[in-house]
Amino acid sequence: EELARLVEQGRLTAFHDYSCLFEQDIIIICVPTPLNVHREPDISYITNVTREISDRLRPGQIVILESTTYPGTTQEVILPILESTGLQVGVDFFLAHSPERVDPGNKRYTTKNTTKVVGGVTPLCLEVAICFYAQTIINVVPVSSPAVAEMTKVFENTYRAVNIALVNELMMLCDKMNISIWEVVDAVSTKPFGIHTFYPGPGAGGHCIPIDPFYLGWKARQYDFSTRFIDLAGQINIQVSYYV
């Protein structure tokens with residue numbers, strides 16, 4: 001009903017092609033970032049849509065990536081494609097990353113009152129992006145680069161994945177010890193400090209938690225670094241699915 005009302009008012013229009021981009025000042029990329037069969041990042045949606053944008057890029061536009069991805073995507077993947085047009089970032093067009101934060105069905109925290117993190121490729125890119133988001137979001141937090149903004153979102157989801165794995169592992173142990181994991185979690189949640197309640201289940205659900213930590217682990221290997229906590233959490237959350 002809400003969407004229908006916006007369409008009737010002429011405030012929302014849907015297109016199935018890219019021809020409308022010529023008229024837009026602000027272009028936000030919100031596309032899937034899945035894993036391939038080898039559990040490696042598949043950013044083909046990002047690169048494909050960026051090429052379509054570059055074919056229609058004009059001076060004055062800002063492009064913002066909101067899709068969750070590994071740190072470096074905005075500057076290492078999107079920027080070269082857009083600058084291949086001959087336009088210069090921070091001068092002719094603007095580029096930023098601002099990870100989406102959404103909790104579907106949450107009545108308390110909506111888009112408007114959920115803090116928005118923004119990182120621009122240049123200081124002017126950041127300024128333009130903040131100017132846009134501040135019109136509708138109460139609190140906009142600038143960070144020093146798109147990579148920091150990208151890492152922020154991946155870390156948020158990795159934090160949840162690791163803690164979900166911890167309580168899932170404890171569930172399997174409690175089952176062997178004939179202890180109710182639910183009673184334990186309820187008791188733990190009575191502590192007013194030093195603990196955040198996570199609940200066990202058949203793995204990690206949704207379309208972010210099972211995927212995003214693998215993006216960070218994949219990127220870390222390029223720096224000859226092993227994310228052991230993250231990899232172990234992924235293994236446990238897969239193992240618990242078979243266990244359940």
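The values are calculated or read from the model by the stated rules, or taken from the named source; none is laboratory data. These numbers come from a predicted model, not from an experiment. For neighbour counting, all protein chains shown are included, and Cβ atoms are generated from backbone atoms with ideal geometry for every residue, glycine included. SASA here: full protein model, heavy atoms, side chains in, ligands and nucleic acids out. Shrake-Rupley method; radii C 1.70, N 1.55, O 1.52, S 1.80 Å.
Values as computed for the structure displayed
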| read-out | value |
| --- | --- |
| Carbon + sulfur, % of accessible area of the chain - ligands and nucleic acids excluded, 1.4 Å | 57 |
| Anisotropy class of the range 31-174 from Cα gyration tensor, a/c 1.5 cut | oblate |
| The chain: projected area of the alpha-carbon convex hull, averaged over directions, in nm² | 16.5 |
| Highest-MSF residue in the chain out of Phe225, Phe132, Phe193 [GNM, Cα springs under 10 Å] | Phe193 |
| Non-local Lys pairs in the chain, i.e. 8 or more apart or on different chains, that have alpha carbons under 27 Å apart | 8 |
| GluC sites (Glu not before Pro) lying in DSSP loop within the range 1-80, provided at most 13 other Cβ fall within 10 Å | Glu1 |
| Sparse-neighbour loop sites [chymotrypsin sites (Phe, Trp or Tyr not before Pro); the range 19-118; at most 15 other C-beta within 10 Å; DSSP] | Tyr109 |
| Long-range amide H partners of Val141 with built H, under 5 Å | Lys116, Val117, Val118 |
| Axial C-alpha extent at least 20 Å, average Kyte-Doolittle at least 0.0 - helices from the chain (DSSP) | 146-177, 228-243 |
| Accessible area expressed per residue, the range 82-222, with surrounding protein chains retained (probe 1.4 Å, Å²) | 56 |
| Given the chain, longest segment not containing exposed loop trypsin sites (Lys or Arg not before Pro) (DSSP; at most 11 other Cβ within 10 Å) | 113-244 |
| Ratio of Rg to Rh over the range 104-204 (Cα coordinates, Kirkwood Rh, two decimals) | 1.15 |
